[in-house]
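Worksheet for the structure shown next.
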Amino acid sequence: YRKGLGMEDKTILVIEDDPLNMELVKAVLSIDNYHVIEASDAHAGIELCRRHKPDLVLMDIQLPDMDGLTATRIIKEDELLKDVAVVALSAYAMEEDVQEAFNAGCSGYITKPFKIVDFLEQIKKYIELLKTQDADNYNKSRTWLDDHRFYLNKEECSIVNKEIGRIE
């Protein structure tokens, strides 16, 4: 992992209701010197997003006052905020959950729990992407499976199946 240099000027709004998860995300983001703004519910998060217009929003899906997907839709419908990239942060990793997040306007999806290095790489990728092109268009054109190394493509499945057959 190469530390994200020059990221101290990047602001990430974390909308997370679980205090332990919030502390973990803040601590991990501090490794790359991101400026972190925190909100423990969707309404506060939307207000902070309007006030600070962060570079990236990490949105928990299960929030107490309003779910994260509804909050994402509100952010994306706001003319001043529609270009802010929102990345879902959730313990749910079913393909339909991921698709629902993209349909709501999320640019990406990170599952909890996460590996610190993988998490920072993904955040860095979103931040770098924002410098070069529109994150929403880029990420919607990619499949969710491309971002998750524990899934295999068809060729890899074929190789694994051959190896299993050889071992049996």
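The values are calculated or read from the model by the stated rules, or taken from the named source; none is laboratory data. Predicted model only: the values in this text are computed from it and were never measured. With ideal geometry, Cβ positions are generated from the backbone for all residues, glycine too; neighbour counts draw on all protein chains shown. When the accessible area is computed, the model is the full protein with side chains, heavy atoms only, and any ligands, DNA or RNA have been set aside. Shrake-Rupley method; radii C 1.70, N 1.55, O 1.52, S 1.80 Å.
Using R₀ = 22 Å, calculate the FRET efficiency as 1/(1 + (r/R₀)^6) where r is the Cβ-Cβ separation of GLU96 and ARG51; round to 0.05.
Details: r = 33 Å, r/R0 = 1.52.
Calculated value: 0.10.
Given the pairs LYS10/LYS112; LYS26/LYS115; LYS10/LYS125; LYS82/LYS124; LYS26/LYS112; LYS53/LYS76, which span a C-alpha to C-alpha distance of over 19 angstrom in this model?
Working: LYS10/LYS112 22 Å; LYS26/LYS115 14 Å; LYS10/LYS125 13 Å; LYS82/LYS124 21 Å; LYS26/LYS112 14 Å; LYS53/LYS76 12 Å.
Result: LYS10/LYS112; LYS82/LYS124 exceed 19 Å.
Once the mean 1/r over all distinct Cα pairs of the stretch 1-94 is inverted, what Kirkwood radius in angstroms do you read off?
Details: mean 1/r = 0.0748 Å⁻¹.
13.4 Å is the Kirkwood radius here.
Starting from the Cα-Cα distance between LYS125 and GLU79, subtract it from 0.36 nm times their residue separation and give me the gain in nm to one decimal.
Numbers: separation 46, 0.36 × 46 = 16.56 nm, distance 2.48 nm.
Here the answer is 14.1 nm.
Evaluate the relative contact order of the stretch 1-134 (contact order divided by residue number), counting alpha-carbon pairs under 8 angstrom at least 6 apart; express in whole percent.
Numbers: 207 pairs, mean separation 29.3, N = 134.
Computed value for the stretch 1-134: 22 percent relative contact order.
Roughly how many Å² is the accessible area per residue of the stretch 1-97, as a whole number, for a 1.4 Å probe? If you can, show how the numbers build up before the last one.
On the way: 4850 Å² over 97 residues.
Ligands and nucleic acids excluded, the result is 50 Å² per residue.
Could you work out what % of the accessible surface of the stretch 9-134 is carbon and sulfur, using a 1.4 angstrom probe and leaving DNA, RNA and ligands out of the count? If you can, show how the numbers build up before the last one.
Numbers: 3030 of 5870 Å².
Roughly 52 percent of what the probe reaches on the stretch 9-134 is carbon or sulfur.
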